[in-house]
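The values are calculated or read from the model by the stated rules, or taken from the named source; none is laboratory data. Since we're looking at a predicted model, the values are computed, not measured. Positions of Cβ are backbone-derived with ideal geometry, glycine not excepted, and every protein chain shown enters the neighbour counts.
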(Lines give C-alpha, C1' and ligand atoms only; values in the text may rest on other atoms or scores of the structure.)
Protein backbone atom coordinates (compact mmCIF):
# COMPACT_ATOMS: atom_id res chain seq x y z
CA UNK A 1 0.00 0.00 0.00
CA UNK A 2 1.27 3.43 -0.87
CA UNK A 3 1.58 6.16 1.72
CA UNK A 4 -0.48 9.22 0.69
CA UNK A 5 2.11 11.45 2.38
CA UNK A 6 4.74 10.25 -0.11
CA UNK A 7 2.71 11.03 -3.22
CA UNK A 8 4.23 13.91 -5.21
CA UNK A 9 0.97 15.71 -6.01
CA UNK A 10 -0.07 19.32 -5.81
CA UNK A 11 -2.30 20.56 -3.02
CA UNK A 12 -5.35 20.54 -5.29
CA UNK A 13 -5.29 16.74 -5.71
CA UNK A 14 -7.54 14.67 -3.47
CA UNK A 15 -6.06 11.36 -2.39
CA UNK A 16 -8.59 8.60 -1.72
CA UNK A 17 -7.28 5.73 0.37
CA UNK A 18 -8.69 2.37 -0.54
CA UNK A 19 -8.11 -1.06 -1.98
CA UNK A 20 -8.99 -1.48 -5.63
CA UNK A 21 -8.89 -5.28 -5.28
CA UNK A 22 -11.64 -5.32 -2.65
CA UNK A 23 -13.34 -2.28 -4.15
CA UNK A 24 -12.94 -0.17 -1.00
CA UNK A 25 -12.81 3.52 -1.94
CA UNK A 26 -13.11 2.93 -5.70
CA UNK A 27 -16.54 4.55 -6.07
CA UNK A 28 -15.33 7.57 -4.11
CA UNK A 29 -12.20 7.87 -6.26
CA UNK A 30 -14.15 7.63 -9.53
CA UNK A 31 -17.02 9.96 -8.58
CA UNK A 32 -16.83 13.21 -10.52
CA UNK A 33 -13.91 12.12 -12.68
CA UNK A 34 -13.66 12.96 -16.38
CA UNK A 35 -11.65 9.80 -17.02
CA UNK A 36 -10.08 6.89 -15.19
CA UNK A 37 -6.54 5.64 -15.75
CA UNK A 38 -5.42 2.29 -14.35
CA UNK A 39 -1.73 1.46 -14.27
CA UNK A 40 -1.99 -1.46 -11.86
CA UNK A 41 0.61 -4.15 -12.14
CA UNK A 42 1.35 -7.40 -10.41
CA UNK A 43 4.26 -7.74 -8.02
CA UNK A 44 5.46 -10.58 -5.83
CA UNK A 45 2.60 -11.58 -3.57
CA UNK A 46 -0.15 -10.02 -5.71
CA UNK A 47 -3.27 -12.12 -6.27
CA UNK A 48 -3.19 -14.02 -9.57
CA UNK A 49 -6.37 -12.23 -10.66
CA UNK A 50 -5.39 -8.69 -9.62
CA UNK A 51 -6.12 -6.93 -12.91
CA UNK A 52 -9.34 -8.83 -13.54
CA UNK A 53 -10.87 -8.28 -10.10
CA UNK A 54 -9.60 -4.73 -9.63
CA UNK A 55 -10.62 -3.89 -13.20
CA UNK A 56 -14.14 -5.19 -12.57
CA UNK A 57 -14.36 -2.96 -9.49
CA UNK A 58 -13.21 0.08 -11.47
CA UNK A 59 -15.54 -0.65 -14.39
CA UNK A 60 -18.53 -1.05 -12.05
CA UNK A 61 -17.71 2.23 -10.28
CA UNK A 62 -17.34 4.00 -13.62
CA UNK A 63 -20.72 2.72 -14.79
CA UNK A 64 -22.37 3.82 -11.53
CA UNK A 65 -20.74 7.28 -11.74
CA UNK A 66 -21.39 7.77 -15.46
CA UNK A 67 -17.68 8.08 -16.31
CA UNK A 68 -17.08 7.04 -19.92
CA UNK A 69 -13.32 7.36 -20.64
CA UNK A 70 -10.99 4.59 -19.45
CA UNK A 71 -7.33 3.98 -20.17
CA UNK A 72 -5.73 0.85 -18.74
CA UNK A 73 -2.19 -0.49 -18.97
CA UNK A 74 -1.16 -4.09 -19.56
CA UNK A 75 2.01 -5.80 -20.73
CA UNK A 76 2.93 -6.00 -24.39
CA UNK A 77 2.66 -9.78 -24.12
CA UNK A 78 -1.11 -9.43 -24.40
CA UNK A 79 -1.70 -9.90 -28.09
CA UNK A 80 -4.59 -9.37 -30.45
CA UNK A 81 -5.32 -10.86 -33.83
CA UNK A 82 -3.38 -9.13 -36.57
CA UNK A 83 -0.48 -7.94 -34.38
CA UNK A 84 2.87 -7.83 -36.14
CA UNK A 85 5.21 -9.70 -33.83
CA UNK A 86 8.97 -9.71 -34.30
CA UNK A 87 11.13 -12.75 -33.69
CA UNK A 88 12.18 -11.19 -30.37
CA UNK A 89 8.50 -10.62 -29.55
CA UNK A 90 7.72 -14.26 -30.24
CA UNK A 91 10.61 -15.32 -27.99
CA UNK A 92 9.38 -12.98 -25.25
CA UNK A 93 5.87 -14.44 -25.63
CA UNK A 94 7.21 -17.95 -25.05
CA UNK A 95 9.16 -16.80 -21.99
CA UNK A 96 6.09 -15.06 -20.55
CA UNK A 97 3.99 -18.19 -21.00
CA UNK A 98 6.67 -20.26 -19.29
CA UNK A 99 7.53 -17.97 -16.39
CA UNK A 100 4.59 -15.59 -15.93
CA UNK A 101 1.58 -17.44 -17.29
CA UNK A 102 -0.80 -16.31 -14.53
CA UNK A 103 0.15 -12.63 -15.03
CA UNK A 104 -0.40 -12.93 -18.78
CA UNK A 105 -3.72 -14.75 -18.36
CA UNK A 106 -4.92 -12.17 -15.82
CA UNK A 107 -4.07 -9.29 -18.16
CA UNK A 108 -5.76 -11.01 -21.11
CA UNK A 109 -8.92 -11.62 -19.06
CA UNK A 110 -8.94 -7.97 -17.97
CA UNK A 111 -8.64 -6.85 -21.60
CA UNK A 112 -11.50 -9.14 -22.66
CA UNK A 113 -13.75 -7.63 -19.99
CA UNK A 114 -12.81 -4.07 -20.93
CA UNK A 115 -13.53 -4.76 -24.61
CA UNK A 116 -17.05 -5.96 -23.74
CA UNK A 117 -17.99 -2.58 -22.23
CA UNK A 118 -19.57 0.39 -23.99
CA UNK A 119 -16.90 2.70 -22.57
CA UNK A 120 -14.52 4.84 -24.60
CA UNK A 121 -11.60 2.62 -23.57
CA UNK A 122 -7.96 2.38 -24.59
CA UNK A 123 -5.79 -0.57 -23.57
CA UNK A 124 -2.14 0.51 -23.65
CA UNK A 125 0.26 -2.40 -24.09
CA UNK A 126 3.82 -1.67 -22.96
CA UNK A 127 7.04 -3.66 -22.67
CA UNK A 128 9.10 -3.84 -19.48
CA UNK A 129 8.93 -0.54 -17.61
CA UNK A 130 12.09 1.13 -16.31
CA UNK A 131 13.14 4.05 -14.14
CA UNK A 132 15.60 5.50 -16.66
CA UNK A 133 15.56 9.14 -17.63
CA UNK A 134 12.47 9.78 -19.77
CA UNK A 135 13.04 10.83 -23.37
CA UNK A 136 9.64 12.45 -23.84
CA UNK A 137 9.29 10.40 -27.03
CA UNK A 138 7.76 7.05 -27.91
CA UNK A 139 6.50 4.94 -30.80
CA UNK A 140 2.86 3.94 -30.61
CA UNK A 141 0.24 2.04 -32.55
CA UNK A 142 1.01 -1.33 -34.10
CA UNK A 143 4.58 -1.33 -32.76
CA UNK A 144 6.42 -4.63 -33.01
CA UNK A 145 8.35 -5.21 -29.79
CA UNK A 146 10.80 -7.82 -28.63
CA UNK A 147 13.03 -7.33 -25.61
CA UNK A 148 12.73 -3.53 -25.50
CA UNK A 149 11.90 -1.54 -22.41
CA UNK A 150 10.51 1.95 -21.90
CA UNK A 151 10.63 4.49 -19.11
CA UNK A 152 7.49 4.80 -16.98
CA UNK A 153 7.34 8.56 -17.58
CA UNK A 154 7.28 8.03 -21.36
CA UNK A 155 4.36 5.61 -20.98
CA UNK A 156 2.63 8.16 -18.74
CA UNK A 157 3.14 10.81 -21.45
CA UNK A 158 1.53 8.48 -24.00
CA UNK A 159 -1.42 7.80 -21.69
CA UNK A 160 -1.93 11.54 -21.19
CA UNK A 161 -1.73 12.06 -24.96
CA UNK A 162 -4.41 9.39 -25.43
CA UNK A 163 -6.67 11.23 -22.99
CA UNK A 164 -5.99 14.78 -24.14
CA UNK A 165 -6.22 14.02 -27.87
CA UNK A 166 -8.79 11.19 -27.71
CA UNK A 167 -6.33 8.80 -29.35
CA UNK A 168 -6.83 5.05 -29.83
CA UNK A 169 -10.39 4.92 -28.50
CA UNK A 170 -11.58 1.28 -28.43
CA UNK A 171 -8.12 0.16 -29.56
CA UNK A 172 -5.11 -1.68 -28.07
CA UNK A 173 -2.05 0.32 -29.12
CA UNK A 174 1.44 -0.84 -28.25
CA UNK A 175 3.86 1.78 -26.96
CA UNK A 176 7.62 1.42 -27.14
CA UNK A 177 10.85 3.37 -27.16
CA UNK A 178 11.94 5.45 -30.16
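Could you please let me know if residue 123 is part of a strand (DSSP E or B) and touching a strand residue (DSSP E or B) at 6+ places or on another chain (Cβ under 9 Å)? The answer is yes for residue 123. Would you confirm whether or not the range 134-153 contains a residue that is surrounded by fewer than 17 Cβ atoms within 10 Å (Cβ to Cβ), at pLDDT 95 or above, in a loop (DSSP other than H, G, I, E, B) and on the phi < 0 side of the Ramachandran plot? No: the range 134-153 contains no residue that is surrounded by fewer than 17 Cβ atoms within 10 Å (Cβ to Cβ), at pLDDT 95 or above, in a loop (DSSP other than H, G, I, E, B) and on the phi < 0 side of the Ramachandran plot.
Of all residues in the range 139-165, how many are over 16 Å from the mean Cα position of the chain (by Cα) and either farther than 23 Å from residue 35 by Cβ or touching a residue at least 12 places away in the same chain (Cβ under 8 Å) (or both)? Residues meeting the conditions: 8.
Quick grid of which residues meet (1) in a helix (DSSP H, G or I); (2) surrounded by 18 or more Cβ atoms within 10 Å (Cβ to Cβ); (3) in contact with a helix residue (DSSP H, G or I) (Cβ under 7 Å, 6 or more places away or on another chain); (4) at pLDDT 95 or above:
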site	(1), (2), (3), (4)
44	no, no, no, no
55	yes, yes, yes, yes
61	yes, yes, yes, yes
70	no, yes, yes, yes
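Consider the range 12-31 and keep the residues that are within 12 Å of residue 64 (Cβ to Cβ) and in a loop (DSSP other than H, G, I, E, B). The one that is farthest from the chain's Cα centre (by Cα) is 31.
A quick yes/no check of all residues on (1) under 21 Å from residue 47 (Cα atoms); (2) at pLDDT below 80; (3) surrounded by 21 or more Cβ atoms within 10 Å (Cβ to Cβ):
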| position | (1), (2), (3) |
| --- | --- |
| 79 | no, yes, no |
| 82 | no, yes, no |
| 86 | no, yes, no |
| 92 | no, yes, yes |
| 102 | yes, yes, no |
| 118 | no, no, no |
| 129 | yes, no, no |
| 132 | no, no, no |
